[in-house]
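The values are calculated or read from the model by the stated rules, or taken from the named source; none is laboratory data. On a predicted model such as this, the values are computed, not experimentally measured, just so you know. So basically every Cβ, Gly included, is an ideal-geometry build from the backbone, and we count neighbours across all protein chains shown. For the accessible areas, the whole protein counts, side chains as well, though only heavy atoms, and no ligand, DNA or RNA atoms are used. Shrake-Rupley method; radii C 1.70, N 1.55, O 1.52, S 1.80 Å.
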Amino acid sequence: PNDVVVSSDGSIWFTDPAYGIIYPEEGHPGSREYCDHWVFRITPEGRLTVAITDLVEPNGLAFSPDETILYVADSAALNREGAMGRHHIRRYLIDDWRVKAGEDFVEVNPGVPDGIKVDEHGNVWSSCLDGVVVFAPDGREIGRIPVPEKVGNLCFGGESGTDLYIAASTSIYRIPTSTRDCRRPSSRA
């Protein structure tokens, strides 16, 4: 498993790209246990199902504030021949915990989306090659945070939940924001 989110019903959703077994610098070399890369769901009762199969390299996951949309980063940007592949975030409608109507939400440039988060306003925050890019729920780019090295992951945290932590190639960065992760309960009265 690469990235994990837990929905309000207690289901565990996770992605399973092969990065850790095909790139020695990211894990331990090995062989794939199945022929593809999917998004899985484990129900609260422990039943494992394949939830999404139409991505090349599923990576980061995040739900919209009301959990009606699941965003999934597709990070298959460079293939072995060096040609540019997918570097999109896709979104899926969630209806009674079933996945429907997958579509491309945005293309992330430069680089690929890896870690993604959704804030309390429904904006999607994504890592990219040179920082963090923020998209409105309609897909418009509404902001960028430049970082002097490649960004892999990000999360909201801190005492009030409004600090953005950015995991880059060799450093962890923190920047205050005026929002918080949609999955964190608000401490505001």
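Listing for the model above:
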{"item": "Fraction of accessible area attributable to carbon and sulfur, segment 38-189 (%, probe 1.4 Å)", "result": "52"}
{"item": "Solvent-free Debye scattering, log10 I(q)/I(0), computed from the Cα coordinates of the chain at q = 0.19 Å⁻¹", "result": "-1.43"}
{"item": "Net charge over other residues, Cβ less than 11 angstrom from the Cβ of residue 37 (K, R count +1; D, E count -1)", "result": "-4"}
{"item": "Computed magnitude of the charge dipole of the chain (debye, nearest 20; Cβ of K, R +1, Cβ of D, E -1)", "result": "260"}
{"item": "Value at 222 nm in deg cm²/dmol, rounded to 500, when DSSP H runs of n ≥ 4 in the chain each add -39,500 (n - 2.57)", "result": "-500 deg cm²/dmol"}
{"item": "Förster-model FRET efficiency, 22 Å R0, residue 22 and residue 53, C-beta, rounded to 0.05", "result": "0.70"}
{"item": "Top of 59, 153, 109 by mean-square fluctuation, Gaussian network on the chain, Cα under 10 Å", "result": "109"}
{"item": "Three-way shape call for segment 130-189 based on the alpha-carbon gyration tensor, with the a/c threshold at 1.5", "result": "oblate"}
{"item": "DSSP-assigned coil residues among GluC sites (Glu not before Pro) in segment 131-185, each with at most 13 further Cβ atoms within 10 Å", "result": "159"}
{"item": "Within the chain, longest stretch clear of exposed trypsin sites (Lys or Arg not before Pro) (DSSP loop, no more than 12 other Cβ within 10 Å)", "result": "81-139"}
